[in-house]
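Please read the structure below before turning to the comments.
The numbers here are math on the coordinates, done by the rules we state, and not lab data. Owing to the predicted nature of the structure, the values given are computational and were not obtained by experimental measurement. Cβ sites come from the backbone with ideal geometry, for glycine too, and all protein chains shown count toward neighbours.
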Amino acid sequence: MKIILDTNFLIDCIRFKIDLKSELRGDKLFVLDSVVFEIEKVMERGTKESTLAKLALDFINRNKIKVLKSKEKNTDEALVSYSKKGYVIATHDKVLKNKLKKTNAKLIYIRQKKYLVSE
């Protein structure tokens, strides 16, 4: 399965100590260039979230996750576009999940701060 990880999904997996590497073993993981940009913006804030964002960026770099180019300016629109190309979207964003459900896209999200659910 080809899975694109969203910003809040990455940060929340780190926050809730979910081991993405073992949970998504065998799958090809990707992030969008706009997701990397969003993570870098969160890192600049100097908040508790910025520490989590730094760990998320470290996870991307350490695991050599491929960065995909997005043609759309809006990250959510880019994720919906990639979902139509057969990618599974991993997100924790309620608005984005609803958009993806309307297009019958496959998605992965966090349930009960403990485990991942595929839909």
Step by step: first the residues of the stretch 102-116, then only those that are of a type outside the set (A, V, I, L, M) and closer than 22 Å to GLU23 by Cα, then the one that is surrounded by the fewest Cβ atoms within 10 Å (Cβ to Cβ). Which residue is that? GLN112
Considering only the stretch 50-64, how many residues are in a loop (DSSP other than H, G, I, E, B) and either small (Gly, Ala, Ser) or within 17 Å of ILE18 (Cβ to Cβ) (or both)? 1
List the residue pairs whose Cβ atoms are under 6 Å apart, where the first residue sits in the stretch 70-88 and is of a type in the set (Ser, Thr, Tyr), the second is crowded, with 19+ Cβ neighbours inside 10 Å and in a loop (DSSP other than H, G, I, E, B), and the two are 6 or more positions apart or on different chains. SER83/ALA105
Which of the strands (runs of 3 or more DSSP E) found entirely inside the stretch 65-119 contain at least 1 residues meeting this: more than 12 Å from the chain's Cα centre (by Cα) and under 17 Å from LYS28 (Cα atoms)? 66-68, 115-118
Note on the stretch 25-49: residues over 12 Å from the mean Cα position of the chain (by Cα), under 17 Å from HIS92 (Cα atoms) and not in a helix (DSSP H, G or I) are none
Quickly run through the stretch 1-19 and pick out the residues that are within 18 Å of VAL36 (Cβ to Cβ) and either of a type in the set (S, T, N, Q) or without any contact (Cβ under 8 Å) to a residue 60 or more places away in the chain (or both). THR7, ASN8, LEU10, ILE11, ILE14
From the option list SER22, SER34, single residue qualifying as without any contact (Cβ under 8 Å) to a residue 12 or more places away in the chain and among the hydroxyl-bearing types (Ser, Thr, Tyr) is SER22
Does LEU100 meet the test of being within 16 Å of ILE3 (Cα to Cα), touching a helix residue (DSSP H, G or I) at 6+ places or on another chain (Cβ under 7 Å), touching a residue at least 40 places away in the same chain (Cβ under 8 Å) and of a type in the set (A, V, I, L, M, F, W, C)? no
Out of all the residues in the stretch 23-38, which are under 16 Å from VAL117 (Cβ atoms) and either of a type in the set (S, T, N, Q) or buried (at least 18 other Cβ atoms within 10 Å of the Cβ) (or both)? LEU24
